[in-house]
Amino acid sequence: MALSFTVRNDLIENWRQQLPEHAPNHFALNIFPEQLSALQADFKAQGISGSQFYPVIRGRLTEINGVPVQKIVTKDSQGEGATHRELSLTWTQDLPEENKIVSGSWWSPEKRAEVSVEQKLAESLKINLGDRLLFILGGQQLTATVSSIRSLRWDTMKPNFYMIFSPGTLDSFPRTYLTSFYLPDSEKNYLNQLVKKFPAITILEVDLILKQFKMILTQLTQAINYLLYFALMAGFTVLFSAIYSTLDSRIYESALLRAFGANRVLLKAMHSIEFAVLGLVSGILAAVISEALLFALYHKALAIDYHPTYYLWIALPLIGAFAVGICGRWGVRHVLNTPPLTVLRDS
């Protein structure tokens, strides 16, 4: 239940909090070169601020230093998926925002046929500085030398690329352009005007996709929660079963303690401590397991930064101690209500 609650409430919200204010929420794709100037002027007239317009050429990486990539990449890795489809390739003079050079250096204006590779893809494909990469673009071959390795943020809602080439390298290939921009909900009607002016452009409304994803995630976690509620009920059923299976011995021990001078207050305190500690340990165990699963989920499945959920380490033990303590006390209520003289006579 803690895992489901954390994913449902924190995953989307944490990601949204990482975005800057007025982060781009729309992508414009398939912009032809002859439309570029008119679209930029239209954006300026509407007061729309967007990211850089990037040229996009579709190409496939086939060889690394003369070796086919299928012989280098491991199965089910990020690189394996990238080698079985065409990549969106681009070029730019300046290093894009949110990109950082991990190794190597950004190119100088006079250099050609160089490429900068995203860090995780480079690690997956075992690409190093100075390696020569062979691409197939529209039936033509292109060889480029790796000049730098970049790290970047994929959650900025701006265009990001695995491969960025030096200016002039891809000039001879046909291209379209890509950009992202922010548009408030009150100005959504502008999209209809934009599509009428530029019918070939594809508009991707990211905010609608996020809303749909959040709704699906909420429905999924609600369905999981129903199953977890049954698991929680089963857990308390096991707790009561364990209590009732030892009830006779508890009643006898309680009778002996009261015969030796223990009062009801002391026995209540003993029961409360016993079940509260049991709930406390259960809460700590739940926090450890949920945090471990969250770490694996964030790193392996979602590839986003993991941040410990500190409130779980406080809330779960306290909730466990309170819930199990109350239920346990209620389960052993007959122990205190049975007269010790009757118990000792019957035994």
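The values are calculated or read from the model by the stated rules, or taken from the named source; none is laboratory data. What you see is a predicted model; the values in this text were computed from it and never measured. Note: ideal-geometry Cβ built from the backbone for every residue, glycine included; neighbour counts use all protein chains shown.
Quick notes on this one:
- Scope the range 205-220; condition within 16 Å of the chain's Cα centre (by Cα), in contact (Cβ under 8 Å) with a residue 12 or more places away in the chain and closer than 15 Å to Pro24 by Cα; matching residues: Leu210
- Single residue of Ala269, Ala262, Ala255 found to be in the same structural domain as Ile314 (by TED's automatic domain parsing), of a type in the set (A, V, I, L, M, F, W, C) and touching a residue at least 60 places away in the same chain (Cβ under 8 Å): Ala255
- Residues of the range 114-134 satisfying the condition of being crowded, with 20+ Cβ neighbours inside 10 Å and either more than 30 Å from His299 (Cα to Cα) or touching a Pro at 6+ places or on another chain (Cβ under 8 Å) (or both): Glu114
- If you check Leu183, Leu178 for being part of a strand (DSSP E or B), of a type outside the set (Val, Ile, Thr) and in contact (Cβ under 8 Å) with a residue 60 or more places away in the chain, only one passes: Leu178.
- Lys196 in contact (Cβ under 8 Å) with a residue 12 or more places away in the chain and not aromatic (Phe, Trp, Tyr): no
- Selection within the range 103-145 - among the β-branched types (Val, Ile, Thr) and part of a strand (DSSP E or B): Val115, Val117, Ile136, Thr143, Thr145
- Sole exception among (1) surrounded by 14 or more Cβ atoms within 10 Å (Cβ to Cβ); (2) of a type in the set (A, V, I, L, M, F, W, C); (3) within 30 Å of Trp106 (Cβ to Cβ); (4) under 30 Å from the mean Cα position of the chain (by Cα) for Trp154, by number: (1)
- Pairing each residue of the range 124-136 that is closer than 19 Å to Leu170 by Cα with any residue that is of a type outside the set (Asp, Glu) and not in a strand (DSSP E or B), provided the two are 6+ apart or on different chains, yields C-beta distances under 7 Å for Asp131/Asn65; Arg132/Asn65.
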